[in-house]
Amino acid sequence: MHRFVYPILLCLLAAVGCSGRFLSAAQTPSAVEEKQFVIVTAGADDSLVSLARTHLKDGDKAWQIADFNDIEGVTPGQRVVIPLMPMHPGGIYENGYQTVPVLLYDRLTHSPSKAKAVNIQDFKRQMVYLNENGYTTVSLDQFYGFLSQMDQLPPMSIIVTFDTTRSWAYEIAFPILKSLEMKAAFFIRPDEIGTPGRMTWAQVAEMARGGMDFGLYGSRIEPPEGEHAKDFFTAYEEELTTAQQGFKSKIRRTCRYFAFPGGTRHDMTVAMLKKHGYRAGFTSDRGTNPFFADNFKIKRAAIYGYYSMAQFRQNLTTFRSAELK
């Protein structure tokens, strides 16, 4: 059980008339609520996920209940403490802080792995490794909550990303991720949707319903030679707003995340992203991301086709030790 549970339990039980003794099942209310915690008695149909949906409004937060109570599941009649507020916002602990690795895949292929192209079997092997070794793929909104210190993430959280609109994203990546119940983020160019070799809006919508995230993969880095800055930024602004309109009408999602083309960012483009409500920008700079990372300098580790599993694992750091007392 979490080391803070015992004193909290004593306080909460005292608040409902414990007076130094535990109440019987008949005397104990089905739920005891405080500002930061609620103690519930699990029903016959309850699970960690159902409790998280009821009390935390998000089934993906079932891990918080499991972690806090040091349990793997619930049984009927079991008393469970549910933390209503993050215990470690931003992933800050006494002995260090959490970092979130963001993996970047340039291309998946049926051909042998080489350079930036990762073979489908190698990709599946990597995803299975993550799944079987305690890693949790999280959504972009969950990541934003972590960066803003409004929420906390599972201890070994990771994000898988792709900068592509190509059809292999739907034909190869999506089935593997779906079969493993994993999430990923695809940064796409809406103007390419439906063209030869690219995904359709129907496929993108199916992926969104299947738990995948989508953001905008920018097409402009800086004004081309001879183009006036005003014309460039007018076109850039149109690209940002058109993407937002397309996401809303086609997949009923809000476009809030951006991948810099070629991984290169520009201060003026960042200002425009913020102006139009984008929450974060993803670069191609290698590294992981603590809560104090710049939202518009999110680092990503490119995964190459020639990587061995040992090289792949080198990009999975999720915690930095530090004396934070």
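Things worth noting here:
- Residue within region 17-33 that is more than 14 Å from ARG79 (Cα to Cα) and either modelled with pLDDT of 50 or more or in contact with a Pro (Cβ under 7 Å, 6 or more places away or on another chain) (or both) present: no
- Of residues in region 113-145 being part of a strand (DSSP E or B) and among the β-branched types (Val, Ile, Thr), the one surrounded by the fewest Cβ atoms within 10 Å (Cβ to Cβ): THR136
- All positions within region 161-173 that are touching a helix residue (DSSP H, G or I) at 6+ places or on another chain (Cβ under 7 Å) and open to solvent by less than 10 Å² (accessible area, probe 1.4 Å): PHE162, THR165
- Being touching a helix residue (DSSP H, G or I) at 6+ places or on another chain (Cβ under 8 Å) and polar (S, T, N, Q) holds for only one residue in THR254, THR241, and it is THR254.
Let's see how each residue does on (1) modelled with pLDDT of 95 or more; (2) closer than 30 Å to MET87 by Cα:
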position: ASP106; (1), (2): no, no
position: PHE123; (1), (2): yes, no
position: TYR129; (1), (2): yes, yes
position: VAL138; (1), (2): yes, yes
position: PHE143; (1), (2): yes, yes
position: MET150; (1), (2): no, yes
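- Taking region 184-206 as the range and being outside any helix (DSSP H, G or I) and surrounded by fewer than 21 Cβ atoms within 10 Å (Cβ to Cβ) as the test, the residues that pass are ARG189, ILE193, GLY194, THR195, PRO196, GLY197, ARG198, THR200.
- Pairs with Cβ under 7 Å, 6+ apart, first in region 272-299 and among the hydroxyl-bearing types (Ser, Thr, Tyr), second part of a loop (DSSP other than H, G, I, E, B) and open to solvent by 30 Å² or more (accessible area, probe 1.4 Å): TYR278/ARG256; THR283/ARG265; THR283/LYS297; THR283/LYS299; THR288/LYS299; THR288/THR317
- Only one entry in PHE214, PHE292 is aromatic (Phe, Trp, Tyr) and surrounded by fewer than 16 Cβ atoms within 10 Å (Cβ to Cβ), namely PHE292.
- Region 254-289 - residue that is over 15 Å from the mean Cα position of the chain (by Cα), closer than 17 Å to LEU104 by Cα and among the polar types (S, T, N, Q) and, of those, least open to solvent (accessible area, probe 1.4 Å): THR283
The values are calculated or read from the model by the stated rules, or taken from the named source; none is laboratory data. Since the model is a prediction, treat every value here as computed from it, not as a measurement. Using ideal geometry, Cβ is built from the backbone for each residue, glycine included, and neighbour counts are taken over all protein chains shown. Accessible surface areas use protein heavy atoms only, side chains included; no ligands, DNA or RNA. Shrake-Rupley method; radii C 1.70, N 1.55, O 1.52, S 1.80 Å.
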